[in-house]
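Data first, discussion second: the structure below is written as structure tokens.
The values are calculated or read from the model by the stated rules, or taken from the named source; none is laboratory data. Here the structure is a predicted model, which means the values were calculated and not measured. Heads up, the Cβs are rebuilt from the backbone with ideal geometry, glycines too, and the neighbour counts pull from every protein chain shown. Calculation scope for accessible area: heavy atoms of the full protein, side chains included, ligands and nucleic acids excluded. Shrake-Rupley method; radii C 1.70, N 1.55, O 1.52, S 1.80 Å.
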Amino acid sequence: MRVKDLPARERPRERLMTSGATALADRELLAVLLGSGFRGSSAMDLAAQVIEHCGDLDGLSRSDPHRLLAVPGVGPAKAARVAAAFHLVRRAQAEPERDRVTGSSDLATVAAPLLRGHSRERLVVVVCDTRGAVLRRTVLTEGGADHTTVPVREIITAVLTAGGAAFGLAHNHPSGSLDPSDDDLAATARVAEAAETVGLRFLDHLIVTDTSWRRIPTWPDMLTGGQKP
């Protein structure tokens with residue numbers, strides 16, 4: 001039976017989209033990559049033949065694309081897609097572990113290189129996933145010697161665009177002062193409120209100087225003595 005003749009809820013691609021990749025068997029995942037079958041064999045039949053040809057999934061992952069061409073129904077396009085997918089996995093596994101933010105100190109470590117040694121105030125956004133791994137860090141604004149803007153809408157947009165679940169902010173004080181201004185306090189409160197509205201976790205907002213750093217409390221923090229829950 002062809003995959004397209006199956007009920008929609010049983011098709012590998014549709015099941016992947018609704019239930020996630022972990023719900024699919026090896027041959028179903030490979031069928032999604034192959035895309036189609038060959039001469040009366042469904043994509044899942046062809047996927048099973050490819051895995052059998054390579055011995056097992058590990059053998060498939062290490063197979064040269066030319067080896068896959070020996071399976072009837074696997075042409076250059078299919079062989080290239082499968083080889084490329086497994087090579088992407090190997091590249092991802094070879095990359096160094098991402099920086100991780102688990103507290104204010106980690107946030108300072110990640111943001112400080114973009115802030116220290118600059119004569120103008122900068123605002124840095126550090127975007128993280130649900131486990132605190134850093135997805136992106138970027139200078140969002142740059143102002144004068146004693147101020148820069150904190151654009152709440154742009155901050156939230158930057159986090160969502162990067163696929164983040166959490167984020168922290170940091171800006172430098174070229175003067176060397178670690179004291180937050182009234183504008184710093186108000187901006188931090190606005191960002192915290194906006195993050196909660198869209199379901200993002202706001203980690204912290206830091207002031208960074210060339211020698212030290214300090215967190216800016218939100219209004220609830222100030223009411224509870226500056227202690228974070």
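Of note:
- Using the Cβ-Cβ distance between A92 and T149 with R0 = 35 Å, the FRET efficiency computed as 1/(1 + (r/R0)^6) comes to roughly 0.45.
- A Cα-only calculation for segment 75-131 places Rg and Dmax at 18.8, 59 Å.
- C-alpha long axis of helix 152-161 to longest principal axis of the chain, angle in °: 20
- Most fluctuating residue given options T138, T197, T149, as computed from a GNM of the chain linking Cα atoms under 10 Å: T197
- In terms of the mean number of neighbouring beta-carbon atoms within 10 Å, the peptides 12-23, 114-125 order highest first as 114-125, 12-23.
- In percent, rounded to a whole number, the relative contact order of the chain is 13, using alpha-carbon pairs under 8 Å and six or more apart.
- Taken per residue, the accessible surface of the chain reaches 58 Å², heavy atoms only and a 1.4 Å probe.
- The largest-to-smallest principal axis extents of the Cα set in segment 126-165 are 35, 17, 10 Å.
- Once the Kirkwood radius over Cα pairs is known for the chain, the Stokes-Einstein relation at 10 °C and 1.306 mPa s delivers a diffusion coefficient of 75 µm²/s.
- With the convex hull drawn around the C-alpha atoms of segment 82-186, the volume per residue stands at 125 Å³.
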